[in-house]
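What follows is a single structure, and I will ask about it in a moment.
The values are calculated or read from the model by the stated rules, or taken from the named source; none is laboratory data. Worth saying up front: this structure is predicted, and the values here are computed from it rather than measured. Cβ placement follows ideal geometry from the backbone for every residue including glycine, while neighbour counts extend to all protein chains displayed. We work out accessible area using only protein heavy atoms, side chains counted, and drop any ligands, DNA or RNA first. Shrake-Rupley method; radii C 1.70, N 1.55, O 1.52, S 1.80 Å.
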Amino acid sequence: MRKFILSTVMATSLLFGGITYAAPSNQYIATDADTFWTISQKFNVQLSDLIASNPNVNPQNIYAGVVINLPVKTPLKQSWEVKADAIIATGMQQLGTPYVFGGSTPYVAFDCSGFVQYAFNQHGFNLLHSSALQSQLGTPVDKSNLRKGDLVFLQGTYTSGVSHVGIYLGDNKILQAGTMGTREVKISTLFGTPYYDAHYWGARRLIN
């Protein structure tokens, strides 16, 4: 049975001691039907900013009573941000899809490059199903200048050279079809994770 999260700010319409508390304007109390994507659309905030504002919330386990911190609204998005958010939103819909080597079918199975291929190609790109080939596209990006939508690559994970790819979300998070830990589409911490630090190859920017 799920436990409701009680924070210092009580959920909207929860009664305690006869007093009704309401969440402040910078917080939202989730329902069972909510996801990060639906909440971002409801409050017109960027999906990546919403995720970054809730590092302790499991994106695959948002349920009634979870307190969601709402990011401060940012100015009108630039064109690259609009593209990046659309690609990320498409990818987020596949959270939990199983990892299978060679997989490229939404809601069924993905491998890393099949997942990236799907998320980008739904928005006008023409990526091939290969992390090595994807690493040759766009322009190189230093890790200190990463922004959401950039592709990050690992090398030597199961073969020599570039062998893994994920989508950078911002706030040191990547969206990927990964095998370390749970074998599925998921959100992971990039730098500071020993495995990723040891195998990091670089990043490329396709969205301008």
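Which of the residues spanning the range 159-191 are over 13 Å from ASP111 (Cα atoms) and of a type in the set (Asp, Glu)?
Listed by number, the list holds a single entry, ASP171.
For the range 1-36, give me each residue that is modelled with pLDDT of 90 or more and outside any loop (DSSP other than H, G, I, E, B).
Correct list: GLN27, TYR28, ILE29, PHE36.
What is the residue count in the range 134-152 for residues that are within 16 Å of ALA84 (Cα to Cα) and of a type in the set (D, E, K, R)?
3
Just give me the residues in the range 168-203 being open to solvent by 40 Å² or more (accessible area, probe 1.4 Å), among the basic types (Lys, Arg) and assigned to a strand (DSSP E or B), in sequence order.
Residue satisfying the conditions is LYS173 alone.
Being closer than 8 Å to ARG204 by Cα, open to solvent by less than 30 Å² (accessible area, probe 1.4 Å) and small (Gly, Ala, Ser) is the filter here, so list the residues in the range 122-155 that pass it.
Within the range 122-155, SER135 is the sole residue that qualifies.
Conditions (1) polar (S, T, N, Q); (2) surrounded by 17 or more Cβ atoms within 10 Å (Cβ to Cβ); (3) out of contact with any strand residue (DSSP E or B) (no Cβ under 8 Å at 6 or more places or on another chain), marked per residue:
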| site | (1), (2), (3) |
| --- | --- |
| VAL45 | no, yes, yes |
| SER48 | yes, yes, no |
| ASN58 | yes, no, yes |
| ILE62 | no, yes, no |
| VAL66 | no, yes, no |
| VAL72 | no, no, yes |
| GLU81 | no, yes, yes |
| THR90 | yes, yes, yes |
